[in-house]
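Each remark here refers to the structure printed beneath this line.
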There are 2 protein chains.
Amino acid sequence: MQSSDLLRDIVIGMSDGLTVPFALAAGLSGAVSATNLIVIAGIAEIAAGSIAMGLGGYLAGKTEIDHYNSELKREYEEVETVPHKEKEEVREFFQNLGLSEDVQQQAVEEMTKDKEKWVNFMMKYELGLDKPDEQRARKSAFNIGVSYIVGGIIPLSPYFFVQNGTEGLKISAVITLGCLFIFGFFKSRLTGVNPWWGAVRVTFIGAAAAACAFGIAKLIQG
Amino acid sequence: MQSSDLLRDIVIGMSDGLTVPFALAAGLSGAVSATNLIVIAGIAEIAAGSIAMGLGGYLAGKTEIDHYNSELKREYEEVETVPHKEKEEVREFFQNLGLSEDVQQQAVEEMTKDKEKWVNFMMKYELGLDKPDEQRARKSAFNIGVSYIVGGIIPLSPYFFVQNGTEGLKISAVITLGCLFIFGFFKSRLTGVNPWWGAVRVTFIGAAAAACAFGIAKLIQG
């Protein structure tokens with residue numbers, strides 16, 4: 001589970017990191033010929049994007065924990081103050097599963113004997129909330145932010161070495177679309193989807209974003 | 001439910017649209033003084049980001065549906081070919097709820113009488129998969145993409161009217177941070193979190209991303 005969480009974070013960060021800086025650099029190549037500006041814009045984007053995703057993810061994780069804890073407190077209170085209402089909600093859950101009234105009744109009796117178990121049940125099956133892991137939120141945000149930076153440097157790297165934007169774009173497109181294809185392949189295998197279709201899908205999104213950014217930038221620049 | 005889904009899409013698209021183009025433009029203001037380049041880069045970013053989010057979300061939705069359907073098929077097969085194993089999994093679910101063996105047995109018997117109900121139960125509680133809504137995926141992607149564009153135009157708009165990058169940045173910062181504050185306030189109310197803390201959080205992420213992009217761009221440009 002640990003390693004698949006890490007993999008998931010890397011996949012999220014890298015896929016955005018590969019796509020958006022690539023498309024931005026492609027767009028600028030359509031408007032300016034000097035690569036130093038493309039590099040500056042690309043790095044500014046990587047900084048902005050990695051912070052928005054990393055810090056955003058970290059604080060969203062904290063919020064989720066606060067939300068969980070406040071709901072947990074409320075459920076404990078409700079189990080104390082309106083136990084008949086809460087018991088009825090447990091019964092409805094078993095009713096929705098299609099169990100007979102007899103079994104519903106027995107299950108409710110057994111479930112509500114232990115208050116902690118009862119509250120955990122309500123949290124998970126009434127509210128659909130799993131207990132969030134605080135440390136996990138922190139690590140996850142860090143992993144996503146770093147993966148975004150690593151992913152973003154790949155499409156940008158050719159512009160470091162060539163002086164002409166169009167030239168840089170050609171090399172960047174080959175490298176990035178190749179990476180997106182490989183990446184989409186393995187990403188799809190993780191999620192159990194046909195890997196070839198996944199590879200085509202991820203590559204297509206990157207190409208479409210880049211083409212659109214290029215076209216629009218050329219249009220504005222006249 | 002319909003309207004809260006729409007609201008959720010707008011919140012996701014707008015918050016990224018406000019943050020990343022704002023930070024990118026801020027970063028470029030630290031490196032170039034001509035606003036026309038900032039505008040071109042900003043619009044290229046908006047095009048790239050809205051496509052990556054919108055198209056990405058649309059195709060991810062399609063993938064999710066494929067995944068659900070392939071798992072559904074597999075569960076139907078397993079219920080036919082290894083019913084005792086699948087029954088045991090149902091029993092384990094009730095065991096984990098803390099029910100007595102007696103009630104577990106009865107619940108399993110009742111649950112597995114109807115194959116469709118049984119499979120739906122396995123999908124939801126063994127695999128944790130809810131039936132995805134195809135039309136919803138399409139609409140959601142569109143809403144997020146459009147919200148990203150609307151959000152992105154806000155921080156960019158001052159640069160249309162002033163000739164100097166630093167001047168544009170000052171106005172952009174005031175407008176965007178104000179929008180992020182208002183936006184964070186209402187976003188938090190949606191998710192049941194303290195709205196003032198939410199407003200501060202969202203504003204802080206935007207400011208941090210912009211400050212970092214600005215600093216790095218200035219550093220590179222030397």
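The values are calculated or read from the model by the stated rules, or taken from the named source; none is laboratory data. Please read all numbers here as calculations on a predicted model, not as lab measurements. FYI the Cβ positions are ideal-geometry reconstructions off the backbone, even for glycines, and counts take in every protein chain you see. Please note that ligands, DNA and RNA were not included when accessible areas were found on the heavy atoms of the full protein model with its side chains. Shrake-Rupley method; radii C 1.70, N 1.55, O 1.52, S 1.80 Å.
Listed values, structure above:
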{"item": "Label 7 Å beyond Cα on the Cβ vector: residue B:78 copy-to-copy distances, nm", "result": "3.1"}
{"item": "Residue-averaged 222 nm ellipticity for chain A, from DSSP H runs of 4+ at -39500 (n - 2.57), nearest 500", "result": "-30000 deg cm²/dmol"}
{"item": "Kirkwood-type radius of the stretch B:39-159, with distances r between different C-alpha atoms, in Å", "result": "17.5"}
{"item": "Net +/- balance of residues flanking residue A:50 in space, Cβ distance below 14 Å, scoring K and R +1, D and E -1", "result": "-4"}
{"item": "Calculated over the stretch B:108-182: convex hull of Cα atoms, volume per residue (Å³)", "result": "133"}
{"item": "Sequence of A:115, A:62 when ordered by accessible area, the most exposed leading, probe 1.4 angstrom", "result": "A:115, A:62"}
{"item": "Whole-angstrom gap from the stretch B:95-127 to the stretch A:50-73, using each part's C-alpha centre", "result": "33"}
{"item": "Whole-percent carbon and sulfur share, accessible surface of chain A, 1.4 Å", "result": "61"}
{"item": "Order by protection proxy (mean Cβ within 10 Å, highest first), peptides B:74-80, B:215-221", "result": "B:215-221, B:74-80"}
{"item": "Rg to Rh quotient for the stretch A:1-84, alpha carbon positions, Kirkwood Rh", "result": "1.31"}
{"item": "Reference-scaled alpha-carbon Rg (2.2 N^0.38 Å with N residues) for the stretch A:157-222", "result": "1.33"}
{"item": "Accessible area (Å², 1.4 Å probe, nearest 10) - residue B:121", "result": "10"}
{"item": "Mean separation of Cα contacts under 8 Å, 6 or more apart, over the residue count of chain B: relative contact order %", "result": "42"}
{"item": "Total formal charge among the other residues, if their Cβ is under 13 angstrom from that of residue A:144, Lys/Arg +1 and Asp/Glu -1", "result": "+1"}
{"item": "At 7 Å out from Cα toward Cβ: residue A:131 inter-copy label distances (nm, ascending)", "result": "3.3"}
{"item": "Area of residue A:186 that stays accessible when all protein chains are in place (1.4 Å probe, Å², to 10)", "result": "120"}
{"item": "Rounded to the nearest 10 Å², the accessible area of residue A:33 at probe 1.4 Å", "result": "80"}
{"item": "For A:115-126, mean number of other protein chain Cβ atoms within 10 Å", "result": "1"}
{"item": "Rotation relating A and B, chain B residue nearest the axis via C-beta, angstrom", "result": "B:41, 2"}
{"item": "Rg and Dmax [Cα atoms of the stretch A:95-141; Å; Rg one decimal, Dmax integer]", "result": "15.2, 48"}
{"item": "Kirkwood Rh and Cα Rg combined as Rg/Rh, the protein assembly as shown", "result": "1.05"}
{"item": "For the stretch A:72-122, the spread of Cα positions along each principal axis, largest first, Å", "result": "31, 16, 16"}
{"item": "Two-decimal Rg/Rh across the stretch A:1-44, once Rg and the Kirkwood Rh are taken from alpha-carbon atoms", "result": "1.23"}
{"item": "Distances in nm from residue B:114 to the matching label points in the other copies, shortest first (labels 7 Å along Cα to Cβ)", "result": "3.0"}
{"item": "Reference-scaled alpha-carbon Rg (2.2 N^0.38 Å with N residues) for the stretch B:89-222", "result": "1.82"}
{"item": "Candidate lysines - alpha carbon under 30 Å from residue A:73, same-chain residues fewer than 8 apart omitted", "result": "A:62, A:85, A:87, A:113, A:115, A:117, A:124, A:131, A:139, B:124, B:187"}
{"item": "Quotient of Cα Rg and 2.2 N^0.38 Å for the stretch B:39-99, N being how many residues it contains", "result": "2.06"}
{"item": "Span from the the stretch B:1-40 Cα centroid across to the the stretch A:173-188 one, whole angstrom", "result": "26"}
